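Read the structure below first, then the notes.
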Amino acid sequence: MTKIYATLGFKLVMAAMVLALASIGLGGVVVYKVSEDAIKVDAQATVKELAADVDSVRGTGEAANRELVDRLTRMKVRKSGAAWVMDRNGFLIAHIDPRFRDAAEARQFIGDYIVNLNVGEQPIRQLGEKNIVHKAKLLELMDKYSAGFGSYNFRGETELIAFKVLKDRGWFVAVDQPTSTAYSELDRISRVIVTTCVVIAFLVFGFTWFAVRVIIHPYYREQEESNRRLELMNRELEASRKRLEKAGNSLTRLYDLSIAMQYSGFLESHLPLVLGVAQEHYEVDRILLFMPDETGKMLRCRAAVGNVFEPEEKIHVPLGPQGGGLYRAFLERRTITSDGKEPVPEENRIQPPYDRIRSLRSRTYAIFPLITKDKVIGVLGVDNKMSRRPLTREDVEAIENFSYKMAALIENTIHFQSIRKAAQDMEYRDPLTGLFHLRRIKGIAEERIGAAILEKFPLSVGRIYITNFKEYNERNGYQRGDFVLRKTAELLKSLEVMGAVPGRCYGAAFLVLFPGKNREQAQYLMAQFEKDLAAFSFYGGQRLVAEKLLVKTTVAEYPRDSGQSFDDFYAGIEEA
């Protein structure tokens with residue numbers, strides 16, 4: 001991953017920050033230096049003018065000294081402005097400029113001078129008054145405003161004026177400054193700003209040239225080089241894509257089949273399809289899948305693809321040394337291989353009589369254990385019996401990975417089948433006793449009747465009814481009554497080892513199918529059940545009128561030549 005300080009954006013941001021700091025620093029230095037030089041030049045010009053003025057003073061003594069002071073004051077007023085005071089009647093009563101000392105002493109009237117008001121401050125009591133003027137005489141300003149700023153023409157010279165009205169004293173205090181002096185500073189500052197902007201413009205141009213040459217051009221050269229490398233990689237990837245396209249199609253089919261097998265639960269029908277896609281994908285001659293049988297003593301072939309010479313049910317080996325490599329792979333949980341170049345080791349040979357199975361004969365093979373989380377559920381045999389092409393290391397690793405997924409798929413499918421069977425049992429069974437309910441037992445009975453007629457073997461049906469169960473329930477409570485029903489169901493389930501199929505009809509009535517048993521055999525089994533039930537001591541049985549639970553049993557054999565439905569046959573048993 002590219003580090004942040006190596007990216008184009010970071011470099012440009014840092015360069016912009018450097019430019020900004022340089023521009024600000026340069027502008028500050030230029031303004032400071034220009035202002036410093038201007039102050040020096042102005043001071044030198046002022047002192048020259050002052051020296052020429054005072055040089056014309058003649059004489060000595062107090063009169064000459066007063067003349068020097070007046071000339072110094074006039075120079076200061078001409079450069080920095082004057083200050084003066086007017087009374088409420090518009091008469092000048094004080095002025096700092098010696099030129100107007102006589103006018104102040106003579107109280108000359110100046111209240112009719114016109115002021116162009118820029119800013120005016122009114123007393124609070126006059127706020128909100130209308131007819132606010134922007135031009136007014138000095139006397140009018142004294143009446144309407146408490147302070148302000150503007151410009152006026154005093155004795156032929158335009159000056160800036162700032163004033164403050166002292167209402168209690170009746171004075172109009174003002175400070176003025178010639179506009180030529182005030183605006184000369186602004187002109188000098190504007191010239192400095194223009195000069196600084198020009199310098200910064202050249203600096204920006206130089207920075208842009210620097211950024212293009214030093215930052216942007218190398219970056220895009222690097223990008224072009226990366227694009228060339230990417231183009232080469234794309235060509236290689238395109239070639240790889242074409243090689244993998246066929247494998248991808250096979251894997252897609254394999255995935256679809258595995259999902260179908262897992263969610264449909266049809267393990268036997270989908271296994272050959274899955275193995276067929278794997279055979280095509282891995283380009284091998286044969287694949288055989290073995291799993292232990294119900295006894296756990298044999299490894300039987302559950303699915304096979306390729307040139308297989310016997311039916312799957314005839315391909316099996318014992319779970320013992322006679323099973324050779326198949327048994328070792330299952331027992332040792334590891335892959336057994338043979339490249340065909342050397343004879344098969346003795347411990348991997350299938351021993352007689354199973355070596356006569358032609359489908360198990362091969363010298364170029366690999367046997368993979370099907371391992372789930374905690375056990376081995378089978379083995380997967382792969383060989384090239386016909387082509388005799390040895391399996392490469394890559395082939396073995398790929399098929400070994402497939403075997404792990406195949407094992408998980410088979411286990412999930414078996415688990416799904418068990419869940420579906422359990423769900424069906426929950427749907428078909430009575431929740432209290434765990435026996436088949438009446439609708440399900442009738443369905444089973446119809447199937448057994450069809451088999452009995454076809455194969456000509458007997459079918460008997462027994463009915464059990466606890467006649468005083470209602471009394472027991474009322475005297476001992478429904479919880480004790482539920483226990484009676486569960487115990488009765490438990491005793492009926494013990495007949496399942498004899499082939500009986502028990503079920504609960506309703507209430508305290510039960511039904512038992514005896515496939516393959518005639519009436520006498522069924523009566524014997526029912527008598528054993530009655531004996532076991534009577535031997536059990538139920539709580540509260542002595543409280544009943546009969547002092548025990550009473551059970552009525554009925555047994556009948558289905559007449560195979562009658563053509564009766566089970567409902568009609570069972571109705572006769574209920575009436576008996």
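The values are calculated or read from the model by the stated rules, or taken from the named source; none is laboratory data. Everything numeric here is computed off the predicted structure, so don't read it as measured data. Heads up, the Cβs are rebuilt from the backbone with ideal geometry, glycines too, and the neighbour counts pull from every protein chain shown.
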Checklist line | Candidate set from the stretch 141-161 (those that are of a type outside the set (S, T, N, Q) and touching an Asp or Glu at 6+ places or on another chain (Cβ under 8 Å)); member that is farthest from residue 177 (Cα to Cα) | finding: 145
Check: Between a first residue in the stretch 293-312 that is assigned by TED's automatic domain parsing to the domain that holds residue 330 and a second residue that is surrounded by fewer than 17 Cβ atoms within 10 Å (Cβ to Cβ) and of a type in the set (Gly, Ala, Ser), which pairs have beta carbons less than 9 Å apart while being 6 or more apart in sequence or on different chains?
Finding: 297/320
Margin query: What's the total number of residues in the stretch 428-455 that are in contact with an Asp or Glu (Cβ under 7 Å, 6 or more places away or on another chain) and over 15 Å from residue 567 (Cα atoms)?
Written below: 1
Note to self: Just to check your reading of the model, which residue among 300, 286, 356 is closer than 27 Å to residue 393 by Cα and among the basic types (Lys, Arg)?
What the structure shows: 286
Note to self: Could you list, ordered by first residue, the pairs with Cβ atoms under 8 Å in which the first is in the stretch 416-444 and without any contact (Cβ under 8 Å) to a residue 24 or more places away in the chain and the second is part of a loop (DSSP other than H, G, I, E, B), at least 6 apart or interchain?
What the structure shows: 429/435
Note to self: Could you go through the stretch 277-289 and let me know if any residue there is farther than 28 Å from residue 421 by Cβ, out of contact with any Ser or Thr (no Cβ under 6 Å at 6 or more places or on another chain), modelled with pLDDT under 85 and of a type in the set (Phe, Trp, Tyr).
What the structure shows: yes
Notebook entry, point to check: Restricting the first residue to the stretch 549-569 and requiring it to be without any contact (Cβ under 8 Å) to a residue 24 or more places away in the chain, which pairs with a second residue that is assigned to a loop (DSSP other than H, G, I, E, B) and surrounded by fewer than 16 Cβ atoms within 10 Å (Cβ to Cβ) meet a Cβ separation below 9 Å and a spacing of at least six or different chains?
Noted result: 568/562
Next item on the list: Could you check how many residues of the stretch 501-543 are in contact with a Phe, Trp or Tyr (Cβ under 6 Å, 6 or more places away or on another chain) and under 16 Å from residue 466 (Cα atoms)?
Entry: 4
Checklist line | When residues of the stretch 291-312 are limited to those that are of a type outside the set (A, V, I, L, M, F, W, C) and assigned to a strand (DSSP E or B), the one modelled with the lowest pLDDT | finding: 302
Margin query: Any residue that is modelled with pLDDT under 85, of a type in the set (Lys, Arg) and loosely packed, with under 14 Cβ neighbours inside 10 Å - is there at least one of those in the stretch 448-461?
Written below: no
Notebook entry, point to check: What are the residues in the stretch 462-479 that are surrounded by 15 or more Cβ atoms within 10 Å (Cβ to Cβ) and in a helix (DSSP H, G or I), if any?
Noted result: 469, 471, 472, 473, 475, 476
Next item on the list: Considering only residues that are touching a residue at least 40 places away in the same chain (Cβ under 8 Å) and of a type in the set (S, T, N, Q), look in the stretch 472-490 and name the one that is nearest to residue 551 (Cα to Cα).
Entry: 488
Notebook entry, point to check: Conditions: (1) under 20 Å from residue 449 (Cβ atoms); (2) at pLDDT below 90; (3) outside any loop (DSSP other than H, G, I, E, B). Residue 542 meets all but one. Number of the miss?
Noted result: (1)
Check: Does the stretch 491-514 contain any residue that is under 17 Å from residue 442 (Cα atoms), in contact with a Cys (Cβ under 8 Å, 6 or more places away or on another chain), among the hydrophobic types (A, V, I, L, M, F, W, C) and touching a residue at least 12 places away in the same chain (Cβ under 8 Å)?
Finding: yes
Checklist line | Members of the stretch 160-190 found to be closer than 21 Å to residue 103 by Cα and modelled with pLDDT under 80, listed by number | finding: 177, 178
Checklist line | Subset of the stretch 392-415 (residues that are closer than 28 Å to residue 440 by Cα and free of Cβ contacts under 8 Å to residues at least 60 places away in the same chain) | finding: 415
Check: Which one is farthest from residue 514 (Cα to Cα), of the residues in the stretch 427-458 that are basic (Lys, Arg) and assigned to a helix (DSSP H, G or I)?
Finding: 439
Margin query: Given the criteria of a type in the set (A, V, I, L, M), in contact with a Leu (Cβ under 8 Å, 6 or more places away or on another chain) and outside the structural domain of residue 313 (by TED's automatic domain parsing), does residue 366 qualify?
Written below: no
